[in-house]
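Novice: Pasting a structure here, questions to come.
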Amino acid sequence: MALDAALLVAPLASVREALETITKNSRQAVMVVDGAGRLVGIVTDGDIRRGFLRGVGIDGRVAELMNRQPITAPAGVARDVALALMQRRTLRHLPVVDTTGRLVDVLLLDDLLRPVPVPNAAVLMAGGDGSRLRPLTDAMPKPLLRVGGKPLLEILIERLRAAGVSEFFVTVRYKSELIEKYFGDGARLGVRIRYVREEEPLGTAGALARLPKSLTEPFFLVNADILTKCDFGAMLDFHRRWHADLTVGTVPHTVEVPYGVLQVDGERLAGIEEKPRLDFLINAGVYVVAPAAVGLIPRDRAFDAPDLIPLLKRAGRTVVAFPIREYWLDVGQHGDFHRANQDVAEGLLD
């Protein structure tokens, strides 16, 4: 935040003045600066309480109870560096000083934890029938199935909102009225939601051709039945760094073969590998799409998101793979749904 005079007091200020300033700024602290603007200390509401216990009076000088050696950061400190320092040292306030010791800024933990808005939208694919989860989806669309007491789609929106996304398009078809009734225009979640309605199945990505032409920035395209702690910000940075037309999120998947696998050369047995584990990278159902790619999607037939990969490759466009190393689960079948609830109960998504 910019330096705020409501955060400052002089060394000769009284404890009463410091307390009144803290009450007015609602930041639980004041910076103590001298006449030249140099930082000489910091006083928190906790310092004042401890001062009272030591016998410092309300009309005593703030210098009697201030922290004279507060942890500071240099001018120009990066946001992520400052946040890491504050979290490591359990700080709620971080004074920023120049080479002369003059206070130039005060960083607040609450501000640094607040997501930085991004101009990128997210398209959430929520139109499927959820047939593999019947009978759970007979009366309820899969995106509204609750995991840990909250609909799958709401969890996904909150994750993207934490990455700074505020503009959402939700593609709907099956029991769409229930999804629209629950989420409305998104105001309750602090975002804006618009719906792309499919009268007939268009495939997981066919509805992209119906997005407004005003989208000029790369956008996220995510299956609405995905639970993940994907670092969406890092994925977007990766997409931009590669100047990609499509970025595909990947997660590792291991297949355990329960038998001995034979290597055969003609009629000769060359060897055997007992119960091997085969490692693959699979499509996570999480993408970043350049707006220009949407123009290549056919409008005369259904089209699925994975079909974008060969379509763009044939057109000579750049397609890259981003490794998702955080928690990820495709809630597609009953076993996945039960695991999702267990994982949430165990705090794996916290």
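Novice: How do Ile58, Ile297 stack up against each other in accessible area, from largest to smallest, with a 1.4 angstrom probe?
Specialist: From most exposed to least exposed: Ile58, Ile297.
Novice: Does a label point 7 Å from the Cα of Val257, set along Cα-to-beta-carbon, have any residues of segment 280-304 with amide nitrogen under 15 Å, and which are they?
Specialist: Only 280 pass the distance filter.
Novice: Where only protein heavy atoms count, and the probe is 1.4 Å, what is the accessible area per residue for the chain in Å²?
Specialist: Per residue, the chain has an accessible area of 53 Å².
Novice: Related question: Largest first and in whole Å, what are the equivalent-ellipsoid semi-axes of segment 200-350 based on the Cα gyration tensor, each being the root of 5 times an eigenvalue?
Specialist: 33, 23, 16
Novice: Which listed residue (Gly148, Gly190, His338) has the Cα farthest towards the positive end of the charge dipole for the chain, taking +1 on Lys and Arg C-beta and -1 on Asp and Glu C-beta about the Cα centre?
Specialist: Working it through, the farthest residue towards the positive pole turns out to be Gly190.
Novice: Enter the accessible area of Trp242 (Å², nearest 10), with the probe set to 1.4 Å and all protein chains included.
Specialist: Accessible surface of Trp242 is approximately 140 Å².
Novice: Are there trypsin sites (Lys or Arg not before Pro) in segment 304-350 that DSSP puts in a loop and that have at most 14 other Cβ atoms within 10 Å, and which ones?
Specialist: Arg325
Novice: Work out the length of the dipole vector of the chain about its Cα centre, built from +1 on the beta-carbon of each Lys and Arg and -1 on the beta-carbon of each Asp and Glu, and round it to the nearest 20 debye.
Specialist: It works out to roughly 680 debye.
Novice: Figure the gain on full extension for Thr216 and Arg301 (residue separation times 0.36 nm, minus the Cα-Cα span) and round it to one decimal in nm.
Specialist: Stretched out fully, the Thr216 to Arg301 stretch lengthens by 28.1 nm.
Novice: Mind putting a number on the dipole of segment 148-250 about its Cα centre? Charges go on the C-beta only, +1 for Lys and Arg and -1 for Asp and Glu, and I need it in Debye to the nearest 20.
Specialist: That gives segment 148-250 a dipole magnitude of about 180 debye.
Novice: Taking the C-alpha atoms of segment 211-252, how large are the radius of gyration and the largest Cα-Cα span, Dmax, in Å?
Specialist: Cα only, segment 211-252: 11.6, 35 Å (Rg, Dmax).
Novice: I've got another one for you. Each residue of segment 86-102 in turn: what ³J(HN,Hα) in whole Hz from Karplus with 6.51, -1.76, 1.60 and θ = phi - 60°, glycine and Pro shown as x?
Specialist: Whole-Hz 3J(HN,Hα) from phi for segment 86-102: 5, 5, 5, 9, 6, 10, 9, 9, 10, x, 10, 10, 8, 5, 9, x, 6.
Novice: Another question, then. Enumerate the calculated ³J(HN,Hα) couplings along segment 53-60 in order (Karplus 6.51 cos²θ - 1.76 cosθ + 1.60, θ = phi - 60°), each rounded to whole Hz, writing x wherever the residue is Gly or Pro.
Specialist: Residue by residue, segment 53-60 yields 5, 7, x, 5, x, 5, 9, x Hz.
Novice: Return the distance in nm (one decimal) between the two label points of a simple spin-label model at Arg241 and Arg314, each offset 7 Å from Cα along Cα→Cβ.
Specialist: Computed distance between label sites Arg241 and Arg314 equals 3.2 nm.
Novice: Provide the gained length on full extension for the span Arg197 to Asp265, in nm with one decimal, where the gain is 0.36 nm per separating residue minus the Cα-Cα distance.
Specialist: Once the chain is fully extended between Arg197 and Asp265, it gains 19.0 nm.
Novice: I'd like the antiparallel share, as a percent to the nearest 5, of DSSP beta bridges with both residues in the chain.
Specialist: 65
Novice: If you roll a 1.4 angstrom probe over the protein chains with everything in place, what fraction of the accessible area of the chain belongs to carbon and sulfur, to the nearest %?
Specialist: Whole-percent figure for carbon plus sulfur exposure: 52.
Novice: Could I ask something else about it? Please report the base-10 log of the normalised intensity I(q)/I(0) for segment 19-149, using a Debye sum with one equal scatterer per alpha carbon and no solvent, at each q in 0.09, 0.17 (1/Å).
Specialist: The Cα Debye sum returns log10 ratios of -0.47, -0.95.
Novice: Grab the eigenvalues of the alpha-carbon gyration tensor for segment 131-252, scale each by 5, take roots, and send me the semi-axes largest first in whole angstrom.
Specialist: One finds semi-axes of 24, 17, 16 Å for segment 131-252.
Novice: Next question. On a C-alpha basis, how far is the centre of segment 46-64 from the centre of segment 204-276 in Å? Whole number, if you could?
Specialist: Measuring centre to centre over Cα atoms gives 59 Å.
Novice: Mind giving me the nanometre distance, one decimal, between the label points for Ile272 and Ala139, set 7 Å out from Cα along Cα→Cβ?
Specialist: Distance between label points: 5.4 nm.
Novice: State the dimensionless ratio Rg/Rh of segment 81-126 (Rg: radius of gyration of Cα atoms; Rh: Kirkwood radius).
Specialist: 1.22
Novice: Answer with a single label: of (1) 23.2, 75; (2) 20.5, 61; (3) 27.3, 98, which was calculated as Rg and Dmax of the Cα atoms in Å from the structure in view?
Specialist: (3)
Novice: How far is it, in nm, from the label point at Ala209 to the one at Val104 when both lie 7 Å from their Cα along the line to the Cβ?
Specialist: Result for the modelled spin labels: 5.4 nm.
Novice: If you wrap a convex hull around the C-alpha atoms of segment 83-181 and split its volume per residue, what is the figure in Å³?
Specialist: Normalising the Cα hull of segment 83-181 by residue number yields 145 Å³.
Novice: Something else about it: Once the dipole of segment 26-119 is set up with Lys and Arg at +1 and Asp and Glu at -1 on Cβ about the Cα centre, which of Val81, Thr100, Val33 lies farthest towards its positive end?
Specialist: Val81
Novice: So, one more: Tell me, what HN-Hα J-couplings in whole Hz come from the Karplus equation 6.51 cos²θ - 1.76 cosθ + 1.60 at θ = phi - 60° for each residue of segment 301-311, using x for Gly and Pro?
Specialist: My calculation for segment 301-311 gives 7, 5, 8, 9, 4, x, 5, 4, 4, x, 4 Hz in order.
Novice: For segment 202-290, compute the orientation-averaged projected area of the C-alpha convex hull (one quarter of its surface), in nm².
Specialist: For segment 202-290, averaging the hull's shadow over all directions gives 9.9 nm².
The values are calculated or read from the model by the stated rules, or taken from the named source; none is laboratory data. Just so we're clear, the structure is a prediction, and the values are computed from it rather than from any experiment. A quick note on method: Cβ atoms are made from the backbone with ideal geometry, for glycine too, and the neighbour counts reach across all protein chains shown. Note: areas computed on protein heavy atoms with side chains; ligands, DNA, RNA excluded. Shrake-Rupley method; radii C 1.70, N 1.55, O 1.52, S 1.80 Å.
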